[in-house]
1. Hey, Ser98 hits all of (1) at pLDDT 95 or above; (2) surrounded by fewer than 22 Cβ atoms within 10 Å (Cβ to Cβ) but one; which does it fall short on?
2. For the stretch 130-150, state whether one or more residues are over 14 Å from the mean Cα position of the chain (by Cα), in a strand (DSSP E or B) and either more than 13 Å from Gln52 (Cα to Cα) or among the aliphatic types (A, V, I, L, M) (or both).
3. Which residues, taken from the stretch 71-88, are under 22 Å from Leu10 (Cβ atoms), in a strand (DSSP E or B) and out of contact with any Leu (no Cβ under 8 Å at 6 or more places or on another chain)?
4. Which residue out of Asp104, Asp33 is closer than 23 Å to Trp141 by Cβ and of a type in the set (Asp, Glu)?
5. Read through the list (1) under 18 Å from Ile119 (Cα atoms); (2) modelled with pLDDT of 95 or more; (3) not in a strand (DSSP E or B), then give the number of the only condition that Ala59 fails.
6. What pairs come out if I take residues in the stretch 44-68 that are within 16 Å of Cys12 (Cα to Cα) and pair them with residues that are part of a helix (DSSP H, G or I) and not hydrophobic (A, V, I, L, M, F, W, C) whose C-beta lies under 8 Å away, six or more apart or interchain?
7. What are the residues in the stretch 5-34 that are outside any helix (DSSP H, G or I), at pLDDT below 95 and surrounded by 11 or more Cβ atoms within 10 Å (Cβ to Cβ), if any?
8. Taking the stretch 62-95 on its own, how many of its residues are within 17 Å of Ile6 (Cβ to Cβ) and surrounded by 14 or more Cβ atoms within 10 Å (Cβ to Cβ)?
Amino acid sequence: MRWLLIDQILECEPGVKAKGVKTFSRSEEFFQDHFPGMPIVPGVLQIEMMAQMAGKCYAISNSEVLPVLGTVKAAKFYGNINPGDRCFIHANIIKASSSFLMADCHVEVEGKKVSSASILFGYVKRDRLNSKEFDAVTEEWKKRQLLASGVEA
């Protein structure tokens with residue numbers, strides 16, 4: 001199963017920081033069991049959402065590698081994400097070296113922080129991957145940047 005947890009990149013300074021958005025529909029399958037009568041987004045998906053945002057931010061600046069989640073440090077949950085909530089995902093790249101990437105991230109709903117995490121990533125070189133992965137969210141952001149600069153996509 002593949003979790004696509006970023007609907008759109010709203011802002012991005014490639015390799016430095018990014019902000020994206022995700023709106024959770026009531027029809028998300030996990031809401032049926034997490035929890036019956038009180039549906040909330042599982043913490044592990046909130047962490048994945050933050051990791052995806054940081055990974056996209058870095059990958060836009062370095063298309064040679066795919067950042068992969070290595071360690072989650074200091075994950076905290078301050079509130080719930082419910083069906084219909086519009087989440088704003090913030091990622092700040094703290095350090096990037098040739099072997100790892102560190103990011104501090106958080107998620108906000110209605111202007112309130114609902115979760116945060118410090119995440120350490122490793123890299124997989126894209127030329128080692130068998131798939132020709134297409135990231136529609138990142139490609140859409142790149143197109144919008146070209147249009148904003150007056151260049152046709």
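1. (1)
2. Looking through the stretch 130-150, none of the residues is over 14 Å from the mean Cα position of the chain (by Cα), in a strand (DSSP E or B) and either more than 13 Å from Gln52 (Cα to Cα) or among the aliphatic types (A, V, I, L, M) (or both).
3. Arg86, Cys87
4. Values: Asp33 fails: closer than 23 Å to Trp141 by Cβ.
Exactly one of Asp104, Asp33 is closer than 23 Å to Trp141 by Cβ and of a type in the set (Asp, Glu), namely Asp104.
5. (2)
6. Taking only residues 6 or more apart or on different chains, the pairs are Lys56/Thr138; Ala59/Thr138; Ile60/Thr138; Ile60/Lys142; Ser63/Arg126.
7. Once the filter is applied, which keeps residues that are outside any helix (DSSP H, G or I), at pLDDT below 95 and surrounded by 11 or more Cβ atoms within 10 Å (Cβ to Cβ), the stretch 5-34 yields Glu28, His34.
8. Looking only at the stretch 62-95, we keep the residues that are within 17 Å of Ile6 (Cβ to Cβ), and these are 66-69, 81, 85-93.
Within this subset, residues satisfying the condition of being surrounded by 14 or more Cβ atoms within 10 Å (Cβ to Cβ) are 66-67, 69, 81, 85, 87-93.
Here the count works out to 12.
The values are calculated or read from the model by the stated rules, or taken from the named source; none is laboratory data. Because the structure is a prediction, the values reported are computed rather than measured. Every residue, glycine among them, receives a Cβ derived from its backbone with ideal geometry; neighbour counts consider all protein chains shown.
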